[in-house]
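Contents: one structure, followed by commentary.
The values are calculated or read from the model by the stated rules, or taken from the named source; none is laboratory data. This one's a predicted model, so the numbers in the text were calculated from it and none came from an experiment. All Cβ positions, even for glycine, are placed from backbone atoms using ideal geometry, and neighbour counts span all protein chains on display. Surface accessibility is based on the protein's heavy atoms, side chains included, excluding ligands, DNA and RNA. Shrake-Rupley method; radii C 1.70, N 1.55, O 1.52, S 1.80 Å.
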Amino acid sequence: MNLRDFKIGWRLLINEPAYSAIVVFGMAIGFAASILLLGYVRYSFNFDSQVPDNKNVYVLQHKVNIMPTPQWMEFMPLPVRNVALESGMASAVSVAIPLPATLKAHGRIVQSELTAVDSVFQSMWGITAIEGDVQSALTRPDAIALTVSLAQKLFSETHVVGKTLEIEGKQFQVVALLNDAPPNTTLPYSALVGINTMVMTEQDRKALLAQWQGLGGKIYVRLGQGVTAAQMTQTLQSAFDHSPWSQFPPEMLQRLGKIKIVVTRLVSLRDAYFDMDVANNYRSGPRASKTTVLALAGIALLILMLAASNFVNLATTRTIRRKREIAMRKVLGAKTGQVLSQFLAEAILVSMIATCLGLLSAWLLLPVFSDLVDRNLSNFLSPVYVLMILGLGVVVGIISGLYPTWVALMIKPAAVLSGRGNSDSSGSLIVQRCLTVFQFAMAMALSGISIAIAWQTSFATQRDPGFDASQLVTVKIPREVNDADRTAFYEQLSHLPDVQGITATRKAVGEQGVDTSTDFKGIGDSTVGSVIENVAANFFDVYGLKSLSGRLFDSSVERDETAAVAVINSTAALAYGFASPDAALGQLIEQTTGERKTWKVIGIAPNIRYQNLREVVQPIVYLLGSTSNRTLTIKTSGDVTQLEHAIETLWQSKFPIFPLEIRRAQRVFAENYAEDLRLAKMVGLASLIALGLAAFGLYALSAISLQRRRREIVLRKLYGASHLKIARLVARNFAGLIAIGSLVGLPIAGVATAQYMSGFVERAPIGLWPLVAAFLLVLLVALSATLRHTLIAMRIKPALALAN
């Protein structure tokens, strides 16, 4: 293969602009989609890749089994840090403690979050300063290291080393400037300080580092040589077993049986992004399912194969049309190697042009794709990745060109030049039909899967949460806002037009996070783990909830939040052993952990959906007490959009340095299925591309078939075949291909759909209709793709056809 082969290929492409445009455009679409999907896969598998030897750096996790729904969490009790340090098994240990702070410099005020870490964090995380000394920032109480983006916000420049800023009334010196944390990291940071920083008081620091039943921050360990994760886990587990966590009543230990109250484990940073056990948990950050990411990689390659199969079909037909040219070249002395290199060069040339167009399209579509996957893909098209894609283009070109090249090599000059070898071989027909079946099978499979995911996601997001969420808006008050300012804001909100009520909760109903829970004893000696919701007396009024039995809290009655009364949901009533929810009215339920208390049940509340559809409804005990709650729910009788604008205006006047976290109650539930929605969109987009490529391939194949059977159609017309019979003749050619494709594609869609749906406790009544819909969609696409050539076949004039 030499430059001359590519020049000849280029001239052939120029001389056949219609063919060239079709094959290049088809492959370019496939490359563009594959580049975006494979780039997302590469981004996902490179999370925390900046950390040296990240497979040997572990983030610690723990799970508290006394919770009604135990969840793994990366935020740990910080005494575990000392256990790891003193074990002798770790070569480095560092905490990462988030510290919300207000930074002031040059008259500017920026609300940000500092990350307090140990001095070994720099080497463990592979951090290099652009300017200054990172170690000074991590060891001096009055020093700080800023990232470029935060430095720009504070000082409008990046030459900030040596400058001072103010945090909580204390002066700090900027001693280092850092690059921004990579977008694909499980520990984003904007500023680093040491754990001895003046941002924390000595009293707060000691309490945080000694609190076994708190969530102080993340803990990272780099294991020493020869030490296994299992050995470190055993040491940490022993520490938990002898910690204050073990001092729980015998009743609770009896309920847990052999299960430990707290279990711990180590997760390698190389795998942390794919740890779905912590997804949507307290400050977990973005996570993804490795199975889903690998599936997207498979879809990307599948789309590329579909695009390449179109090229194979068209190139094979074109090769057959060039039989006389190829035969003449062989007669004139062209060797097998020369024919081989010529046809492979033509295939590689087409593939590389399509690759370059695909790269350009991917670059143009990158902002849209970033929004779709909700990830920062700013470093997406790196030079290394572009070179990888160009290499993939060469490989695809070679593979796609193999069969057309083989067809060219099999041409017999004597037969062709004597007029006996001008028809298509049966082998070519079989290959073309198999490729078409493959295209429609995969289009059907992707369509069925995308319809099922979209339907279940729609079902989940629109599932009745147990109350009318349409008129509710939630606002989260930052912890840095003092009680007086919070109360004043609350009062001003209550006077906004059309506001019917405001209530405060720890988190929005339906929002994922760590629940407050404890054990309660109902009838008998058994205890039941229950979620505690401390709410204001007007909670049920604002949410528009009516009691199933008894009465709910009433702000005109429950004026004292120390009253020993409780409202429980119907699930809790049955879990506590009562014969019916009504039987729980007037009964006492006893808290068996911590300080033993009893509450009188005054009412049964309906089950509202605090959990998503992947989790079962939990027993819930509503208690009076909302003093520390910082999530406000505002109910309006008017236009929700106008209320949002009014809240934004009020917020800017009261708390201009804090970002406003405002969400409609409906959006809170929808956020639980954000990953499902993204998956539905990506698979749906892939199915549309697959359908388009399949339609494109079938269109080309129908044109080839019409050309091949032109004389047969004419003869049938001469013998009296009607237009309808001709249409059936053409349709029969492709009906079998679609039927075979459905036998391959629909079972794949069915298995994948069942696997996806198995993760939900409540499922949409889907049945087989996504498979039926996928089949009908493909059938409609097939009819559209073959319609033009069917009409041409019906209108062929025998005289003209036989003359040709």
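Annotations
- Single unsatisfied condition, residue 166 versus (1) assigned to a loop (DSSP other than H, G, I, E, B); (2) surrounded by fewer than 22 Cβ atoms within 10 Å (Cβ to Cβ): (1)
- Residues within segment 29-60 that are hydroxyl-bearing (Ser, Thr, Tyr), under 22 Å from residue 183 (Cβ atoms) and open to solvent by 20 Å² or more (accessible area, probe 1.4 Å), tallied: 2
- The lone criterion from (1) touching a helix residue (DSSP H, G or I) at 6+ places or on another chain (Cβ under 6 Å); (2) surrounded by fewer than 18 Cβ atoms within 10 Å (Cβ to Cβ); (3) closer than 16 Å to residue 696 by Cβ; (4) of a type outside the set (Lys, Arg) left unmet by residue 773 is number (3).
- Taking (1) on the phi < 0 side of the Ramachandran plot; (2) at pLDDT below 90; (3) open to solvent by 20 Å² or more (accessible area, probe 1.4 Å) in turn, residue 574 satisfies each apart from (2).
- Residue within segment 131-148 that is within 16 Å of residue 111 (Cα to Cα) and surrounded by fewer than 23 Cβ atoms within 10 Å (Cβ to Cβ) present: yes
- Residue check, residue 157 open to solvent by 60 Å² or more (accessible area, probe 1.4 Å) and modelled with pLDDT under 95: yes
- Among residues of segment 434-452 being among the β-branched types (Val, Ile, Thr) and open to solvent by 10 Å² or more (accessible area, probe 1.4 Å), the one that is farthest from residue 681 (Cα to Cα) is 437.
- Extreme residue, least open to solvent (accessible area, probe 1.4 Å), among residues of segment 317-362 that are without any contact (Cβ under 8 Å) to a residue 40 or more places away in the chain and assigned to a helix (DSSP H, G or I): 337
- Any hit, segment 626-644, residues being farther than 22 Å from residue 536 by Cβ, within 36 Å of the chain's Cα centre (by Cα), open to solvent by 50 Å² or more (accessible area, probe 1.4 Å) and of a type outside the set (Val, Ile, Thr): yes
- Residues located in segment 497-538, provided they are free of Cβ contacts under 8 Å to residues at least 60 places away in the same chain and small (Gly, Ala, Ser): 524
- If the condition is being polar (S, T, N, Q), outside any loop (DSSP other than H, G, I, E, B) and open to solvent by less than 50 Å² (accessible area, probe 1.4 Å), then segment 530-562 contributes 530, 549.
- Residues that are in contact with a Lys or Arg (Cβ under 6 Å, 6 or more places away or on another chain) and under 16 Å from residue 111 (Cβ atoms) within segment 455-484 comprise just one, 477.
- Scope segment 61-72; condition over 13 Å from residue 186 (Cβ atoms), at pLDDT 90 or above and surrounded by 20 or more Cβ atoms within 10 Å (Cβ to Cβ); matching residues: 62
- Applying a threshold of 6 Å to beta carbon distances and a minimum spacing of six or more residues, or different chains, the list of pairs starting in segment 84-98 at a residue that is assigned to a strand (DSSP E or B) and ending at one that is open to solvent by 10 Å² or more (accessible area, probe 1.4 Å) and hydrophobic (A, V, I, L, M, F, W, C) reads 92/120; 93/85; 94/120; 96/187.
- Options 221, 193, 227, 199; residue that is surrounded by 15 or more Cβ atoms within 10 Å (Cβ to Cβ), over 30 Å from residue 130 (Cα atoms) and in contact (Cβ under 8 Å) with a residue 40 or more places away in the chain: 227
- Residue list for segment 453-464, restricted to those being part of a helix (DSSP H, G or I) and either open to solvent by less than 20 Å² (accessible area, probe 1.4 Å) or out of contact with any helix residue (DSSP H, G or I) (no Cβ under 6 Å at 6 or more places or on another chain) (or both): 453, 455, 456, 457, 458, 459, 460
- So residue 597, is it open to solvent by 20 Å² or more (accessible area, probe 1.4 Å), in contact with a strand residue (DSSP E or B) (Cβ under 7 Å, 6 or more places away or on another chain), modelled with pLDDT under 90 and not hydrophobic (A, V, I, L, M, F, W, C): yes
- Residues being in a helix (DSSP H, G or I) and surrounded by fewer than 19 Cβ atoms within 10 Å (Cβ to Cβ) - total across segment 393-416: 10
- Among the residues of segment 651-668, those identified as open to solvent by 20 Å² or more (accessible area, probe 1.4 Å), assigned to a helix (DSSP H, G or I) and touching a residue at least 12 places away in the same chain (Cβ under 8 Å) are 654, 666.
- Scan of segment 73-83 for residues that are assigned to a loop (DSSP other than H, G, I, E, B) and either surrounded by fewer than 21 Cβ atoms within 10 Å (Cβ to Cβ) or of a type in the set (A, V, I, L, M, F, W, C) (or both), ordered by number: 75, 78
- Residue 593 vs. criteria farther than 22 Å from residue 665 by Cα and not in a strand (DSSP E or B): yes
- Restricted to segment 465-496, and to residues there that are without any contact (Cβ under 8 Å) to a residue 12 or more places away in the chain and part of a loop (DSSP other than H, G, I, E, B), the residue that is least open to solvent (accessible area, probe 1.4 Å) is 482.
- Segment 141-162 residues that are farther than 20 Å from residue 122 by Cα, paired with ones that are modelled with pLDDT of 95 or more and assigned to a loop (DSSP other than H, G, I, E, B) (beta carbon under 6 Å, 6 or more apart): none
- Pick from segment 290-305, criterion β-branched (Val, Ile, Thr) and over 12 Å from the mean Cα position of the chain (by Cα), ranking: most open to solvent (accessible area, probe 1.4 Å): 299
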